[in-house]
2 protein chains.
Amino acid sequence: MSGPGAGTVGFTGGRLDRADALRHDPAALAAAVRDPRAAMLSLAADGSPVVADGRLVWAPVEPGADLALLGLDGDNGERAPRFVALSAAVGGAASFRSPVMMAALASLREGEAATFAAARSLLQWHSRHGFCANCGHATAPFRAGWGRACLHCRAEHFPRVDPVVIMIAEHHGRALVGRQAGWPAGRYSALAGFLEPGESVEEAVARETWEEAGVRVRGVRYVASQPWPFPHAQLMIACVATAENDAITLDTNELEDAMWVPRAEVARVLAGEEGAFLAPPPYAIAHTLLSRWADGL
Amino acid sequence: MSGPGAGTVGFTGGRLDRADALRHDPAALAAAVRDPRAAMLSLAADGSPVVADGRLVWAPVEPGADLALLGLDGDNGERAPRFVALSAAVGGAASFRSPVMMAALASLREGEAATFAAARSLLQWHSRHGFCANCGHATAPFRAGWGRACLHCRAEHFPRVDPVVIMIAEHHGRALVGRQAGWPAGRYSALAGFLEPGESVEEAVARETWEEAGVRVRGVRYVASQPWPFPHAQLMIACVATAENDAITLDTNELEDAMWVPRAEVARVLAGEEGAFLAPPPYAIAHTLLSRWADGL
């Protein structure tokens, strides 16, 4: 098992140069497709990455395939063009929980999961945006797969990323963790929720902690961020906040349970020992957040 | 002129409780609409807020109007329901630059602009999402205006918020600022750009600074965040980063100019004195970011 190194945030550290200029230059893009070093990401039928020796597997570009440009691989100065076929399988909303997907993610070396996350996020967005939200007519990809344009009203649409706040409320050396009904037995994690229009990160953290657990917080501090590609593209923004008290009032539509866990117990669980709960996987930012908090953040 | 207080981030500090539970409870929502204290946000024909004495103006709820629930006003313990009519004018993409809008924003007391930002963001989203991106059929509002459901394929759509990184690269006590071609004469601000699927905040900051100004950065530090409702809902994530060197290579498609400004000069300009550039308005997080950097962040 590989996964992100200690202190590294999962799904980050990708080594592709996104080469934004190429997206705007049809001639250069066409040349990149014809480049003998060009390659296309291999994905399994359920949308999970094909992995060999901890690395993503790439295949020759299929002639005539509708492609999105993932970037240029600068690993060895070659700047080899890297694509994903828009016809590739993206998998359903539940595909994250498939054993194949989880094993693939756990086996990827640092940085490789970031490339997969970008590819999956793009594919998922295309798969659900064949039509124009403004007028209802068909859309078609443009800008090397980084947008769709309406063939009727000409509206341009760009891949969506939903900001999500994920946070630990702390109270006298204990962290608030919760669990959703569908999670694996024993799993607890940081609370999380979608940021809404008209609020800051700090306000979203306070609102979600109040809505889900009935806990008021202040002093929100940003810790780290992570792209998360399941079921669609999200930006996870991880924070710590200070709870005003430790009385929990659960919103049972959101959480099945929530509890306060002392720092030493969080550290034990993250180290893989049996304890009060089962920790989130290393590639989830909840793991990073709990680790940094356990380390005395 | 009112605007956010010193150190406060514009468009934050709203005092409405968003009352998420009400959105899921049609009977309670109907009762809230009938509540004699219920009120509807007044908006001018160009989408700008109607302001009196630094406060938003509210009108009685129009019978039969299609409403979005902004929240409950907890200012005086009353929890008076607050709505916006989905038929209200949202104004075009250029409406932010109208003198009426800018004067209204500058005159609002702290917290009032946050309520306007939420209302405008919702209205703008509804105005551009009458159809299902998944199947092209018509959608209709649900969940008290916080979603639209497809009448054909039943897909549910929720208001979109685009994460944007906005940042200062610093190099030996100087900050990198840039200007876009369409801005008021002399205006310079922090660089900014949309975060893309598959990248973290830190990675987006590095990519955008490289793409727009040819400057490599490391050590990205989060500073603050802000909701921004123009032309559509964005989450501005403000950061500072350390530049590896000070050679600027401009992307002239993005920026008209960029320059390094010493700390003391930034402080002078923010204090309203004449200087190397015209500062961004106080309700923009670029102003907060430059202020905190000038204060020695």
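I'd like the projected area of segment B:16-128, averaged over all directions, using the convex hull of its alpha carbons. Report it in nm² with one decimal.
7.1 nm²
Can you put A:PHE230, B:PHE142, B:PHE11 in order, fewest other beta carbons within 10 Å first?
With the sparsest Cβ surroundings first, the list reads B:PHE142, A:PHE230, B:PHE11.
Which loop-located trypsin sites (Lys or Arg not before Pro) does segment B:159-220 contain, where loop means any DSSP state but H, G, I, E or B and the Cβ has at most 16 other Cβ atoms within 10 Å?
Those satisfying the criteria are B:ARG216.
Antiparallel as a % of all DSSP beta bridges within segment B:166-297, to the nearest 5?
The antiparallel fraction comes to roughly 75 percent.
Report ³J(HN,Hα) in whole Hz for each residue of segment A:150-159, in order, from the Karplus equation J = 6.51 cos²θ - 1.76 cosθ + 1.60 where θ = phi - 60°; Gly and Pro get x.
Per-residue couplings from phi come out as 6, 6, 9, 8, 6, 4, 9, 10, 10, x Hz.
Could you give the DSSP H helices of chain B that reach 20 angstrom or more along their long axis (alpha carbon positions) and whose average Kyte-Doolittle hydropathy is no lower than 0.0?
B:112-127
Using only the alpha-carbon atoms, what does segment B:144-297 span along each of its principal axes? Please give whole angstrom values in decreasing order.
Taking max minus min along each principal axis of the Cα atoms, segment B:144-297 gives 58, 31, 29 Å.
How long, wide and thick is chain B, going by the Cα atoms along their three principal axes, in whole angstroms, largest first?
Here the Cα extents, ordered largest to smallest, are 61, 46, 30 Å.
Counting Lys and Arg as +1 and Asp and Glu as -1, each charge on the Cβ, what is the dipole of the protein assembly as shown about the Cα centre in debye, to the nearest 20?
600 debye
Using Cα-Cα distances under 8 Å and only pairs 6 or more residues apart, what relative contact order does chain A have, in percent?
The value is 18 percent.
By residue number, which cysteines of the protein assembly as shown lack any other Cys whose Cβ falls under 4.7 Å from their Cβ?
If one checks each Cβ against the other cysteines of the protein assembly as shown, A:CYS239, B:CYS239 turn up with nothing under 4.7 Å.
When a footprinting reagent is the concern and you count Cβ atoms within 10 Å, what order do B:TRP58, A:TRP125 take, fewest first?
Going from least to most buried by this count: B:TRP58, A:TRP125.
For segment A:77-183, divide the Cα radius of gyration by the Kirkwood radius and give the resulting Rg/Rh value with two decimals.
1.08
Please give the calculated 222 nm ellipticity per residue for chain B, where each DSSP H segment of at least 4 residues contributes -39500 (n - 2.57) and the sum is spread over every residue; nearest 500 deg cm²/dmol?
One gets -7000 deg cm²/dmol as the mean residue ellipticity at 222 nm.
Provide B:VAL266, B:VAL50 in ascending order of the number of other Cβ atoms located within 10 Å of each residue's Cβ, fewest first.
With the fewest neighbours first, B:VAL266, B:VAL50 line up as B:VAL50, B:VAL266.
Over all pairs of distinct alpha carbons, what does the Kirkwood formula give as the hydrodynamic radius of the protein assembly as shown, in Å?
25.2 Å
Which percent, nearest 5, of DSSP beta bridges in the protein assembly as shown are antiparallel?
80 percent
What do you get for GluC sites (Glu not before Pro) in segment B:259-297 restricted to DSSP loop and a cutoff of at most 12 other Cβ within 10 Å of the site's Cβ?
Taking segment B:259-297 and a limit of 12 other Cβ atoms within 10 Å, the loop GluC sites (Glu not before Pro) found are B:GLU273, B:GLU274.
How big is the dipole moment of chain A about its Cα centre under a simple scheme where the beta carbon of each Lys and Arg is +1, that of each Asp and Glu is -1, and everything else is neutral? Debye, nearest 20, please.
With only Lys, Arg, Asp and Glu charged at Cβ, the dipole is about 680 debye.
Throughout, read-outs are computed from the coordinates displayed, never taken from laboratory work. None of these values were measured; they are calculated from a predicted model. We place every Cβ from the backbone using ideal geometry, glycine too, and count neighbours over all the protein chains shown.
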